[in-house]
Amino acid sequence: MTRQRDVLPGSSLAVVGGPLGRHASARATSWLATVLPLLVASTATVALSVVQRAHCIQQGWNGSDQFWHACFSDLPAQYQLGNLGSGLASYVGGDGARADHPVLTGAVMAWLGGLVPDGSLLDQTRWYFALWALLGAALVVAVVYLTAASRPHHAADAAHVALSPVLLLAAMVSSDLFGVALVSAGLWAWGRRRPVAAGVLLGLAVVARTYPLLILLALVVLAVRTGRLAAVGRTLLAAVGAVAVVLLPFLVGHPSAILRSTQVWWDSAAGLGSVWMLPQLFGHPLPTGPTTLVTVVGLAVAVVAGTLFTLGTDRRPTVAEVALVLVGLSLVAGKSFPVQASLWLVPLVALCGVRWRDHLLWAGAEALHFVAVWLYVGGLSKPDRGLPAGWYAAALVLRVAAVVYLVWRVWHTAARRAPADLPSVDLAPADPAPADLASRDLPSLESRSLGSLRDPADQDPSDPSKTEEWAPAEVDPADGLDGDFAGAPDRLIVRLA
């Protein structure tokens, strides 16, 4: 069976050291030779994201020009609307904090706003955007480093973060990178068998962005499959503790801020990027109440599907795979799917080892939607220049389909892995040994497990020993994110047809 080659084969990553070899993990210099160029490349990607917004930096984030030039950013808008320049103390105390973000992200935004010097409103928004650009670059570097460190034998996969077109387009749209960095740190800590540290980081991530709840859910469902409930229990307790510590000052000084982002979401109509917006695009908008109801049902279906995926594959999927399936399906089912929300998937794509071909297919749909959404929004005030609703609907559907395709690729890859244990095959003495097996120098079925066999799609035709469908794969420290799941029993709990 021949291999379907990736768009970017391993040899093309030579500029960043290439994929680590079998013994490279013992050499820190080899790992750093792979990672350091990626860290530099990631800052270049963020710099390009800033340059892409040059028109708005020069002219300001006002009027419809920011949409025609696709340089809109929620950061200066939140600075202007949220009175974030008053600083962190004012935000926690409830003095005019109106940022529609979870409280930890809002606190960071307010703290950064307090560093903005006095001046005209345009100069202040420029300063605020510049400070966020510096912070964003640091956060991206951290995400790339943590992604590479989480799977050191596959450090080159961190290029999926450093060089992602999605990162270039969405990095400076909003403050989502802060939550993404905390999630990456939490997954890294879990992989290092530090469940308490992982819980603290993921708990902080929950009060920075709500989607890390799905990451915690992934750990819980995997714990059910492996029986490692105690370790995940410590993680959950640490997460609850971290959330409580962050929320305590707000309970005292500004309790309404705690649920503000949730209340805004609950009371809002279907937002940009959501499939629930399609009726509106064709002139039949759904009322807010039913939209919220179908969204909740859709999210429940996404969680059930992710749970079945985790419990029903022949071999336990990785932490990153479960997280990507849950997050991807939840984004598709969500009430809104803004362009910056796709950043949530970027590190998970890297940690799953998704092929560049699939990454670029998804990124292409994201890029098309990125342009379409601003032309559509601009057209709401200037219909003669904007994108018709029908064309935006087509871009929206294509983007959602690309995310579904990404989820399907991860699901399909995990589902094709054979069980961890292969029962021995007892050939009766009267049965002649198959001639083709007798002529091959293959390990006996009794000495290997199907769990160590390579997916046929990942075989290398240049190596004759690996071109058979059942050729044994190299021992792969599979998932550096296994953490306390490593070595656990792999129990098939739900049998999927």
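Structure notes:
- Between Tyr405 and Val301, the simple spin-label model (points 7 angstrom out along Cα→Cβ) gives 2.1 nm.
- Per-residue SASA entry for Ile493, accessible area with 1.4 Å probe, Å² rounded to 10: 80
- For q = 0.13, 0.15, 0.29 Å⁻¹, Debye-computed log10 I/I(0) when each Cα of segment 176-244 counts as one equal scatterer: -0.28, -0.38, -1.32
- Given their separation in residues at 0.36 nm each and the Cα-Cα distance between them, Val240 and Leu259 gain 5.2 nm when the chain is fully extended.
- Working note: Karplus 6.51/-1.76/1.60 with θ = phi - 60° gives segment 301-311 the couplings 5, 4, 5, 5, 4, x, 5, 4, 4, 5, 8 Hz, where Gly and Pro are set to x.
- For segment 108-117, Karplus couplings with θ = phi - 60° (6.51, -1.76, 1.60), whole Hz, Gly/Pro x: 5, 4, 5, 4, 5, x, x, 8, 6, x
- Here, segment 224-296 has an Rg and a Dmax of 18.7, 52 Å when only alpha carbons are counted.
- Two-site FRET efficiency, Leu134 against Asp65, from Cβ-Cβ distance with R₀ of 22 Å, rounded to 0.05: 0.30
- Difference of contour (0.36 nm per residue) and Cα-Cα distance, Leu361 to Ala230: 43.2 nm
- Cβ-Cβ distance of Asp100 and Leu492, R₀ of 56 Å, FRET efficiency by 1/(1 + (r/R0)^6): the value works out to about 0.85.
- Modelled spin-label separation between Asp123 and Val196, with each label point placed 7 Å from Cα along the Cα-to-Cβ direction: 5.0 nm.
- Length gained on full extension, Val397 to Leu213, computed as 0.36 nm times the residue gap minus the Cα-Cα distance: 63.6 nm.
- Phi-based couplings in Hz for segment 263-280 (Karplus 6.51, -1.76, 1.60; Gly and Pro marked x): 5, 4, 5, 5, 8, 8, 7, 4, x, 4, x, 8, 5, 6, 8, 4, x, 5
- Summarising the overall dimensions of segment 95-176 from its C-alpha atoms, the Rg and Dmax are 15.6, 51 angstrom.
The values are calculated or read from the model by the stated rules, or taken from the named source; none is laboratory data. The structure presented is a predicted model; accordingly, all values stated were derived computationally and were not measured. Cβ atoms come from the backbone with ideal geometry, glycine included; neighbour counts cover every protein chain shown. Heads up: the accessible areas ignore ligands, DNA and RNA and are worked out on the full protein's heavy atoms, side chains in. Shrake-Rupley method; radii C 1.70, N 1.55, O 1.52, S 1.80 Å.
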